[in-house]
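Here it is: the structure, laid out below.
The values are calculated or read from the model by the stated rules, or taken from the named source; none is laboratory data. From a predicted model like this one, the values you see are computed outputs, not experimental measurements. So basically every Cβ, Gly included, is an ideal-geometry build from the backbone, and we count neighbours across all protein chains shown.
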Amino acid sequence: MASKVCRWGILGAANIARKNWKAIRNAENATLTAVASREPSRAKEWIAGCQSECPFPTVPEACDYDALLKHPNVDAVYIPLPTGIRPEWVLKAANAGKHILCEKPCAPDAGQLRTMIDACKAKNVQFMDGVMFMHGKRLPLLRSVLDDGETVGTLRRVATQFSFAAGDDFLTGNIRVNPALEPLGALGDLGWYNIRFTLWVMKYLLPTKVCGRLLTEHSGVPLEFSAELFFPGGVSASFYCSFNTELQQWAHVSGTKGSVAVRDFVLPFYGCESEFVADRPVFNVKGTSYHWESHPKRFAVTEYSDGTPDAQETNMICTFSGLALSGKLDPTWPEIALKTQLVMDACLASARKGAVLVDL
């Protein structure tokens, strides 16, 4: 354990928070002090379940939301509350002087996110969204390959898909189709990752225009969404996200010389490596023989997919905790969260207007 640790609180006993419970436990510079729910009894029950599988030496305290934000032994809060109410609690956490790791989508719209980011800046607290793949060891290797000038060449196209088949019960009982709690539906829950990966590939250059299509919705909430993004220099990108299509998490980056395929860009497949494959096919024609030859090259880093001290979610907690302990804010994280939200807002605005082109 590091000599200094960031003391965490979890504001909301959501399912995804169980993963970050374990990440905090595995992070050498972090510990968990308290977990809050609307009813402390529910937080206590949730803590008991997590503690039985992945125990902290000292059992985290159960409390309500306000008590957690007043807790003197909480430096940072992870906020997995529903998007519809998240801005309110981010503002309260910032005003309480707590550093904030915020689930995505960060807010219902970019205007509210700007207010959240401004509040964090005013109170000198770090803001970061909870996109775990940003903290994996695979991304630096992928960046070096994309930038080597030979494997892909000049970038021309980025395509991604993130989907899962939710089932009928999802439409009746899950908050992700509740317009008051999760108004952005699949676009917010899944499309955030598509957009973030594309922006990362583009080194956070914003598209000039976007075109979004709302393919399926339920009570006004997007269930299935696709979009095209148009960048300066002629680079284009597409993404598809859905609660109706079987689980896929792939990304494909194409250029003038080759392409890179990542089959699992959000959560690496279970195992001890994170990989991607580059290919520079050759089309050989000799007389009546037409051969399209694949020339793949595999790249990988040693990194367990989840639940270990070197998994991407643990790296996220370590990085955030280091920033909180340093007292030096990194403005990059709120900036890229806002850019992601701006693109998402523009895609949704386009879709609501009948898939017209929208300028950013």
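Can we say GLU45 is more than 24 Å from GLU313 (Cβ to Cβ), surrounded by fewer than 19 Cβ atoms within 10 Å (Cβ to Cβ) and without any contact (Cβ under 8 Å) to a residue 12 or more places away in the chain?
no
Scan segment 294-303 and give yes if some residue there is surrounded by 20 or more Cβ atoms within 10 Å (Cβ to Cβ), under 22 Å from SER144 (Cβ atoms) and of a type in the set (A, V, I, L, M, F, W, C), otherwise no.
no
Look through segment 143-176, keep the residues that are small (Gly, Ala, Ser) and part of a helix (DSSP H, G or I), and return whichever of them is modelled with the lowest pLDDT.
It comes out as GLY173.
Out of the residues in segment 198-232 that are closer than 24 Å to GLU275 by Cα and not hydrophobic (A, V, I, L, M, F, W, C), state the one that is surrounded by the most Cβ atoms within 10 Å (Cβ to Cβ).
THR198
If you take the residues of segment 317-337 that are part of a loop (DSSP other than H, G, I, E, B) and surrounded by 15 or more Cβ atoms within 10 Å (Cβ to Cβ), which of them is nearest to the chain's Cα centre (by Cα)?
Ranking the candidates gives ASP330 first.
Taking only pairs six or more apart or across chains, which ones have beta-carbon atoms under 6 Å, a first residue in segment 4-16 that is of a type in the set (D, E, K, R) and at pLDDT 95 or above, and a second residue that is surrounded by 24 or more Cβ atoms within 10 Å (Cβ to Cβ) and in a loop (DSSP other than H, G, I, E, B)?
What qualifies is ARG7/VAL74.
Let me ask something else. Name every residue in segment 1-46 that is in a helix (DSSP H, G or I) and of a type in the set (A, V, I, L, M), in order of residue number.
Once the filter is applied, which keeps residues that are in a helix (DSSP H, G or I) and of a type in the set (A, V, I, L, M), segment 1-46 yields ALA17, ALA23, ILE24, ALA43.
Among the candidates ILE24, ILE16, single out the residue that is within 24 Å of the chain's Cα centre (by Cα), among the aliphatic types (A, V, I, L, M) and surrounded by fewer than 19 Cβ atoms within 10 Å (Cβ to Cβ).
After ruling out the rest, the residue left standing is ILE16.
Mind checking which residues of segment 284-308 are in a strand (DSSP E or B) and farther than 30 Å from GLU28 by Cα?
Residues satisfying the conditions are ASN284, VAL285, LYS286, SER289, TYR290, HIS291, TRP292, GLU293, PRO296, LYS297, ARG298.
Out of segment 233-249, which residues are surrounded by fewer than 19 Cβ atoms within 10 Å (Cβ to Cβ) and over 24 Å from VAL221 (Cβ atoms)?
Selection gives GLY233, GLY234, SER236.
Which of the residues spanning segment 289-316 are under 23 Å from the mean Cα position of the chain (by Cα) and farther than 17 Å from LEU139 by Cα?
Listed by number, the residues that qualify are GLY307, THR308, PRO309.
For segment 49-88, which residues satisfy the criterion of being of a type in the set (Gly, Ala, Ser) and either touching a strand residue (DSSP E or B) at 6+ places or on another chain (Cβ under 9 Å) or not assigned by TED's automatic domain parsing to the domain that holds ILE16 (or both)?
ALA62, ALA67, ALA76
Another question, then. Does LEU190 count as at pLDDT below 95, over 26 Å from LEU323 (Cβ atoms) and assigned to a helix (DSSP H, G or I)?
no
For segment 53-75, what are the residues that are in contact (Cβ under 8 Å) with a residue 40 or more places away in the chain and surrounded by fewer than 15 Cβ atoms within 10 Å (Cβ to Cβ)?
Answer for segment 53-75, where residues must be in contact (Cβ under 8 Å) with a residue 40 or more places away in the chain and surrounded by fewer than 15 Cβ atoms within 10 Å (Cβ to Cβ): just ASN73.
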